[in-house]
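All of the numbers you see were taken from the coordinates with simple rules; none came from a lab. The model shown is predicted, which means the values in this text are computed figures rather than measured ones. Note: ideal-geometry Cβ built from the backbone for every residue, glycine included; neighbour counts use all protein chains shown.
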Amino acid sequence: MLLSLPFYALVLYVLSKKKDQLFIARSTYIWAIAMGVLGYYLSSLFDFVGLQYISAGIERIILFIYPTLAILINRWLFKVAISKRQWLSICITYFGIGIAYWGEMQYFENTQLFLYGSIMVLLCGITYAFYLVGTGKLVPKMGVSSYTSVAMLSATVGIFTHYLITEDYVLFPHYLTISSPILGYIIALALVATVIPSFLLSSGMKRIGSNDLAIVTSIGPVATLFQARILLNEHIGTLQIVGTLLVIFGVLIVKKRDS
């Protein structure tokens, strides 16, 4: 987040110099700050706590639930209609998640820690679903670049506040001890996995809406499931593969227009 911060700050600075910048109410800024803290600070915190007790593969399986949660939240809070194809996608996706989760659960001996880690990741999915819904409402009012920058900067403040409260050592001297390969990974996470996707997500939200985007982005957990096998050598069982294929099928359905 430290390496990502300058990019978001620069975008806000450039936008502030534009004369045709949209007028943004103070309440809108407050909601954007809240969404950033919710979707990128709290959501990440729950995710990383859960990953201490479950594998990256099962974490991704649980997170498959957030796209459909976003659709249901839109229905609950804003009375947004759910189309037939979206209902079908939800049912197929949940069925696939259940199959994959059951298959993964057979490989864990400590059920209590497994369930605790699962609950933490589920909270990650729930908070991120609220973030997606909030983003869908705020991007039209603020614009893609302004909203993304404000949300990510507020998340950065939340993360560093948490760090300064919970850690005993000073931040910058600690970073001086990080080896070059690890620093390379951090830079890649900052740019390739944080800055670029955050703007792409907001831009996509503006074009297709939060409901369709929520389902389409569930392809991310699918990709991570296979990356966990390739890069981390984690086990992928038959049920996981079957469940994953059902999730992919559910995602593809949402791209089709209702007849």
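Quick one: net charge of THR28's neighbours, Cβ under 14 Å, K/R +1, D/E -1?
So the environment of THR28 carries a net charge of +3.
Give me the dipole magnitude in Debye, nearest 20, for the chain about the Cα centre, with unit charges on the beta carbon: positive for Lys and Arg, negative for Asp and Glu.
In total the dipole reaches around 1380 debye.
Using the 10 angstrom Cβ neighbour count as an exposure proxy, how do VAL216, VAL37 rank, fewest first?
Fewest-to-most Cβ neighbours within 10 Å comes out as VAL216, VAL37.
Per the Debye formula with a single identical scatterer at each Cα and no solvent contribution, what log10 I(q)/I(0) holds for the range 60-114 at q = 0.17, 0.22, 0.24, 0.28 Å⁻¹?
Here log10 of I(q) over I(0) equals -0.63, -0.84, -0.92, -1.09.
Select from PHE108, PHE48, PHE130 the residue whose mean-square fluctuation is largest in a Gaussian network model of the chain (Cα-Cα springs shorter than 10 Å).
Of PHE108, PHE48, PHE130, the most mobile in the Gaussian network model is PHE108.
Could you tell me which of ALA193, CYS124, PRO67 has its Cα farthest along the dipole of the chain towards the positive end, charges placed at Cβ (Lys, Arg +1; Asp, Glu -1), taken about the Cα centre?
Result: PRO67, furthest along the dipole toward the positive end.
Hey, how much of the P(r) for the range 5-253 falls beyond 35 Å, as a percent of Cα pairs?
The answer is 18 percent, as a whole percent.
Once you wrap a convex hull around the alpha carbon atoms of the range 6-102, what is its projected area averaged over all directions, in nm²?
9.6
Given the options GLY134, GLY98, GLY50, state which has the largest fluctuation in a GNM of the chain using a 10 Å cut-off (strictly under) for Cα springs.
Top of the fluctuation ranking is GLY98.
Over the chain, with a Gaussian network built from C-alpha contacts below 10 Å, which listed residue (PRO197, PRO181, PRO140) shows the highest mean-square fluctuation?
Maximum fluctuation in the GNM of the chain, among the listed residues, is at PRO181.
Please list, by residue number, every one of the trypsin sites (Lys or Arg not before Pro) in the range 20-96 that is coil in DSSP and has at most 11 other beta-carbon atoms within 10 Å.
Details: sites: ARG26, ARG60, ARG75, LYS79, LYS84, ARG85; in loops: LYS79.
Answer in residue order: LYS79.
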